[in-house]
1. Taking the alpha-carbon centroid of each part, what is the distance from region 111-134 to region 144-204 in angstrom?
2. Could you run the Karplus curve 6.51 cos²θ - 1.76 cosθ + 1.60 with θ = phi - 60° over region 212-221 and give me ³J(HN,Hα) per residue in whole Hz, x for Gly and Pro?
3. Using a 7 Å offset from Cα along Cα-Cβ at D266, what residues in region 194-231 end up with backbone N under 16 Å from the label point?
4. With unit charges on the beta carbons (Lys and Arg positive, Asp and Glu negative) and the dipole taken about the Cα centre of region 93-156, which residue among G143, L109, G128 sits farthest to the positive side?
5. Viscosity 1.002 mPa s, temperature 20 °C: Stokes-Einstein D of region 130-185 from its Kirkwood Cα radius, in µm² per second?
6. Quick query: amide H of F169 versus all other amide H atoms, modeled in the peptide plane; which residues come in under 5 Å with a sequence gap of 5 or more or a different chain?
7. If you take the C-alpha gyration tensor of region 57-107, multiply each eigenvalue by 5 and take the square root, what semi-axes do you get, largest first, in whole Å?
8. Gain in length, D22 to Q72, computed as 0.36 nm per residue apart minus the alpha-carbon separation, to one decimal in nm?
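The values are calculated or read from the model by the stated rules, or taken from the named source; none is laboratory data. For clarity, every value in this text was computed on a predicted model and none was experimentally measured. All Cβ positions, glycine included, derive from the backbone under ideal geometry; neighbour counts span all protein chains shown. Please note that ligands, DNA and RNA were not included when accessible areas were found on the heavy atoms of the full protein model with its side chains. Shrake-Rupley method; radii C 1.70, N 1.55, O 1.52, S 1.80 Å.
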Amino acid sequence: MIDLHTHTTASDGTLSPEALIDLAADKGLQAIAITDHDTVGGIPAALERGKQRGVSVIAGVELGAQWEGAGQMHILGYYIDYKHPHLLERLSWLRARPRDRGEEIVKRLHAAGVMVTWDRVLQLAGAGSVGRPHVARALLEAGQVPSISEAFDRYLNPGTPGFLEKIQFTSSQAIELICSSGGTAVLAHPATLKLRNEGLEACIEELISEGLRGIEGYWSKHDKPEVSRYEELAAHFGLIMTGGSDFHGANKPTIELSAGLNGQLDEASVLRALKTRNTQALLQRCVVNLPV
Ligand code: AMP
Ligand code: FE
Ligand code: FE
Ligand code: ZN
């Protein structure tokens, strides 16, 4: 058993890297990938604990990518060099974006005569990354709106004074960052793209041209028909089929570590493919095309 998609307290999971490895060891997992959002901060501790507990730890990351459609696009990176200076610099740049955006939203609201304090927005976000929901709650508390949905409708949705796009990498930038730090790029939970048939195929083809090497066919919320579809697509495009639970601890209490993956993956071959493809990806593309 392996689980190739997990979050720790380094991003929005509730288990520390050590506690997550302990859980993996107790469940008898052979390998686990740590794929926190926008950070590799949990990896050193997980690797260390993995050695002690006999669990093989794969250094990973999960990046959001700009996506025009209704859903969301996330890209996973595996076997990345988690000490790579360029990777660390880009990730820390990325992690500063939500805060800057939140502050700018509050400034724009002030300019529009709407009172809400930045301090309160920050408090509401706590350790997590600031987003429009925190501004909405602060607006509600300040009596500026009668409800959260009104806060979005009047002040936070596109076309209103406080709307600002989220800053994310393009898929090509995300994949390139993963490749240039020696990793293999995999499309996370394809169902969240909310695409069907030709649309999905076209999207995957485009991602492959950008350096994508795998798709996460097995995921906690994929149903059987979806899994079969992703198996077909993986075979058709020669992609590595990976799987992971997207474990977040108590933040997503219905998702269990490695649940639903038991026996569905040929672990050794998936891991071998992820490891070797990364070298190929590097040779094919990224050495000649390092992002500046
Ligand atoms: P952000 O990532 O900062 O752009 O905020 C997006 C989040 O805002 C979404 O994940 C939703 O949880 C929340 N959201 C968006 N629109 C609404 C709405 N009309 N009412 C309540 N929550 C919303
Ligand atoms: Fe998450
Ligand atoms: Fe995700
Ligand atoms: Zn995830």
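1. If you average the Cα positions of each part, the centres end up 21 Å apart.
2. Going residue by residue, I get 5, 10, x, 10, 7, x, 9, 8, 3, 9 Hz, with x marking Gly and Pro.
3. Counting backbone N atoms under 16 Å from the label point, the list is 231.
4. G128
5. On the way: Rh = 13.4 Å.
Answer from the Stokes-Einstein relation: 160 µm²/s.
6. Q66
7. Working: eigenvalues 120, 61, 11 Å².
Calculated on Cα positions only, the semi-axes equal 25, 17, 7 Å.
8. Working: separation 50, 0.36 × 50 = 18.00 nm, distance 3.10 nm.
In short, 14.9 nm is gained.
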